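Visitor: After the structure tokens below, expect a handful of questions from me.
The values are calculated or read from the model by the stated rules, or taken from the named source; none is laboratory data. Note that the coordinates shown come from a computational prediction; the quantities given were computed from them, not determined experimentally. Heads up: the accessible areas ignore ligands, DNA and RNA and are worked out on the full protein's heavy atoms, side chains in. Shrake-Rupley method; radii C 1.70, N 1.55, O 1.52, S 1.80 Å.
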Amino acid sequence: MEELKKLKKIIDKYQDFTIIFSEEKLNDSVPAAVAFFYILKQLNKNAKFIQNIPANDCFLLPNYEPIAPTSSKTNSINPIVYFIIGVASPEPINRYLAPNSYNVNIDNQTIN
């Protein structure tokens, strides 16, 4: 419950969010990431994906344009908060993360 309160404070405090989903667990991570995207949009927040949505799931986000899938360290959009969905280990996504950002890792692994 304490973790949910922290999450709510982060969402209330910040306006810009970037969502990263596990590319290994697409069947679970993409729908969860899209749900977070719509929740943030409903709260009038800015939400973007770094990765492209897989072709099978494009119907979930019609007409959506992702941030270019390059490192956000060199991207002109410098997000403050990342929602990382279903990623058990940070190594595959470290290239996307900007310094001094909040990383909210949502996964079913106890180390997260």
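Visitor: Expressed as a whole percentage, what fraction of the accessible surface of region 1-53 belongs to carbon and sulfur atoms when a 1.4 Å probe is rolled over the protein heavy atoms?
Guide: On the way: 1790 of 3350 Å².
After summing per-atom areas, the C and S share lands at 54 percent.
Visitor: Give the long-range amide H neighbours of Phe21: residues separated by 5 or more places, or on another chain, with amide H under 5 Å away, using H modelled in the peptide plane at 1.01 Å from N.
Guide: The list, which skips near neighbours in sequence, is Gln51, Ile85.
Visitor: ³J(HN,Hα) across region 95-103 via Karplus (A = 6.51, B = -1.76, C = 1.60, θ = phi - 60°), whole Hz, x for Gly/Pro?
Guide: 5, 8, 7, 8, x, 6, 10, 8, 10
Visitor: Now for a separate question. Among all the lysines, which ones have a C-alpha under 23 Å from Lys13's C-alpha, if same-chain residues fewer than 8 places away are not counted?
Guide: Lys5, Lys41, Lys45, Lys48, Lys73
Visitor: Still on this structure: Amide H to amide H under 5 Å from Tyr82: which residues, 5+ apart in sequence or cross-chain, H placed 1.01 Å off N in plane?
Guide: The answer is Thr18, Tyr102, Asn103, Val104.
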